[in-house]
Amino acid sequence: MRAAVLQLNSQGVSSTKLYNHIRIASKKGVKLLLLGEYVLNPFFKELENMSISMIREQATHQTKILKELSTTYNITIVAPLLLVKKGKIYKSVVKFSPSSTSYYNQQLLINYAHWNEEKFYANEIAPIQTPLIFKVDGFKCAIICGFEIHFDTIFEKLRFKKIDCILVPSIGTFDSYERWKMILATRAFTNNCYILRANRIGKYKDKEYEWKFYGDSTLFSPDGELLSHLGNKEELMIVDMSHSAVLDSRRSWGFKEAYNKRIKS
């Protein structure tokens with residue numbers, strides 16, 4: 001299955017770069033395209049000073065554009081977006097396909113003093129549910145948001161779902177570069193599936209911090225090997241993934257079989 005990551009900075013209401021890159025991806029046979037966090041919306045710290053009406057207007061515009069692009073180029077697009085319902089803002093990831101649109105509200109949000117998404121957004125705090133799962137050309141994908149990658153509970157929900165690829169839209173910053181590589185490699189290996197991560201580029205500065213978004217969008221194999229990655233510039237990364245490679249990895253390591261025997265004993 002041929003997929004792509006589009007690594008960009010914040011685009012606001014502009015859609016020119018989306019059109020250009022998706023047209024190129026379509027010509028090269030890409031069936032699935034992934035975007036990073038806060039690409040279609042301003043960065044979180046900027047959102048704190050925006051009106052709800054402006055956030056709603058941007059989300060409505062981007063939703064319309066992505067539906068149009070998905071249909072025009074026959075490509076599935078997975079993109080983090082903000083949703084506004086009854087005056088409340090929700091952080092979500094939306095899957096746009098030519099035939100349908102599906103939503104996944106992030107379940108675990110950052111709650112640090114300098115970056116408190118949990119307080120800002122209206123996402124429900126509830127027991128963890130299975131993330132959004134879907135197929136593209138028979139290739140089974142699941143969506144896990146960037147911050148959620150740190151929590152074992154999320155992966156427990158996917159343990160018996162036979163996922164081929166986990167899609168991780170993210171926004172890595174500060175000194176997290178190496179840590180992200182380690183955790184993604186580990187998650188790919190212990191779950192014997194591909195992990196495709198899209199990260200943002202650009203920067204934001206306030207009175208206390210300078211937030212540098214370093215890119216480094218990556219693809220890890222079901223054996224935890226780094227197969228492809230980008231630098232810190234605007235780029236389109238096109239990758240090929242194989243269902244047979246996933247099956248080979250599961251057979252070789254047998255993690256799920258060992259787990260099944262353990263819980264039955």
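The values are calculated or read from the model by the stated rules, or taken from the named source; none is laboratory data. Nothing here was measured: the structure is a model prediction, and the numbers come from that model. Glycine also receives a Cβ, built like all others from the backbone with ideal geometry; neighbour counts cover every protein chain displayed.
Please return the ranges of strands (runs of 3 or more DSSP E) entirely within segment 186-254 where 2 or more residues are touching a residue at least 24 places away in the same chain (Cβ under 8 Å) and closer than 16 Å to Leu158 by Cβ.
Details: elements: 194-198, 201-205, 210-214, 218-220, 226-229, 235-240.
So the answer is 194-198.
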Task: Count of residues meeting criterion [surrounded by 12 or more Cβ atoms within 10 Å (Cβ to Cβ), within 29 Å of Phe174 (Cα to Cα) and of a type in the set (Gly, Ala, Ser)] in segment 99-140 - done: 1
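Among Ile55, Ile75, which is the only one that is more than 27 Å from Val136 (Cβ to Cβ) and of a type outside the set (Phe, Trp, Tyr)?
Answer to the selection: Ile55.
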- [ ] Give the residue that is nearest to Gly215 (Cα to Cα), with candidates limited to residues of segment 34-58 that are in contact (Cβ under 8 Å) with a residue 60 or more places away in the chain and surrounded by fewer than 15 Cβ atoms within 10 Å (Cβ to Cβ).
- [x] Glu46
TODO: Please find, within segment 1-33, the residue that is surrounded by the fewest Cβ atoms within 10 Å (Cβ to Cβ) out of those that are more than 18 Å from Asp216 (Cα to Cα) and of a type in the set (A, V, I, L, M).
DONE: Val13
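Name the one entry in Ser92, Ser70 that is under 15 Å from Ile143 (Cβ atoms), among the small types (Gly, Ala, Ser) and surrounded by 15 or more Cβ atoms within 10 Å (Cβ to Cβ). I'd like the intermediate steps shown before the answer.
Numbers: Ser70 fails: under 15 Å from Ile143 (Cβ atoms).
Among Ser92, Ser70, only Ser92 is under 15 Å from Ile143 (Cβ atoms), among the small types (Gly, Ala, Ser) and surrounded by 15 or more Cβ atoms within 10 Å (Cβ to Cβ).
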Open item on the list: For segment 29-52, check the following and say yes or no: at least one residue is assigned to a helix (DSSP H, G or I), of a type in the set (Gly, Ala, Ser) and modelled with pLDDT of 95 or more.
Closed with: no
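Among the listed residues His114, His61, which satisfies the condition of being of a type outside the set (D, E, K, R), over 30 Å from Ser26 (Cβ atoms) and in contact (Cβ under 8 Å) with a residue 40 or more places away in the chain?
Numbers: His61 fails: over 30 Å from Ser26 (Cβ atoms).
So the residue among His114, His61 that is of a type outside the set (D, E, K, R), over 30 Å from Ser26 (Cβ atoms) and in contact (Cβ under 8 Å) with a residue 40 or more places away in the chain is His114.
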TODO: Would you confirm whether any residue within segment 195-218 is among the acidic types (Asp, Glu) and at pLDDT 95 or above?
DONE: yes
Task: In segment 1-24, the residues that are in contact with a Ser or Thr (Cβ under 7 Å, 6 or more places away or on another chain) and of a type in the set (Val, Ile, Thr) - done: Val5
Task: segment 190-244 - residue that is surrounded by 15 or more Cβ atoms within 10 Å (Cβ to Cβ) and polar (S, T, N, Q) and, of those, nearest to Val39 (Cα to Cα) - done: Asn199
Open item on the list: Looking at Thr60, Thr76, Thr72, can you tell me which residue is in contact with a Leu (Cβ under 6 Å, 6 or more places away or on another chain) and of a type in the set (S, T, N, Q)?
Closed with: Thr76
